[in-house]
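Shown next, in C-alpha cells, is the structure this report addresses.
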Amino acid sequence: MNLISFLVALAAAVIALPAAAQAGSRAPDCSKARDPARCEARETAREACKEMRGSARRRCMEERMPPPDCSKARDAEKCAAAVAAHEACKGKSGPLQRQCLREQMKPRK
C-alpha cells in the first residue's frame, strides 16, 4: 500500500511541476538584456495587453513598444531599414503586411 501512495504522490508532483516552473519564470531580468529600456517596455506592454488575444494583442503590443535601438545592432543599416519598413506598413496585418514589408525591404538598385 505504501508503494501505491508513493507513486500517486510522485505522479501528482510531476504533473504540478510545469505549472510551478511557469509561474516563476515569467519576468526576465531586464538589467541583463542587450537593450534594457526596450525589455522594460516589453514587460509593461505585456502587462497592459495580457487580457487581449490574437490580432488585438499584437496591435496593442506594437503600439506600446518603442523601436529598437539600432546603434546597438550588429548591422545598424539593416536595422534602420527594418524600422522604416515597419513604420511604412503600420496598420496593415496578415498577407497585406507581409507583402508591404517585402516591398519595403527590397534591395534598392
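For a label point 7 Å from the Cα of Ala41 along Cα→C-beta, name the residues of segment 86-109 whose backbone N is under 14 Å from it. 86-87, by backbone N distance to the label point. Beyond 28 Å in Cα-Cα separation lie the following of the pairs Lys32/Lys106; Lys50/Lys78; Lys50/Lys106; Lys72/Lys106: Lys32/Lys106; Lys50/Lys78; Lys50/Lys106.
Just so you know, all these numbers are worked out from the coordinates, no wet-lab data involved. Fair warning: this is a prediction, and the values are worked out from it, not measured in the lab. Every residue, glycine as well, gets a Cβ built from its backbone with ideal geometry; the counts of neighbours run over all protein chains shown.
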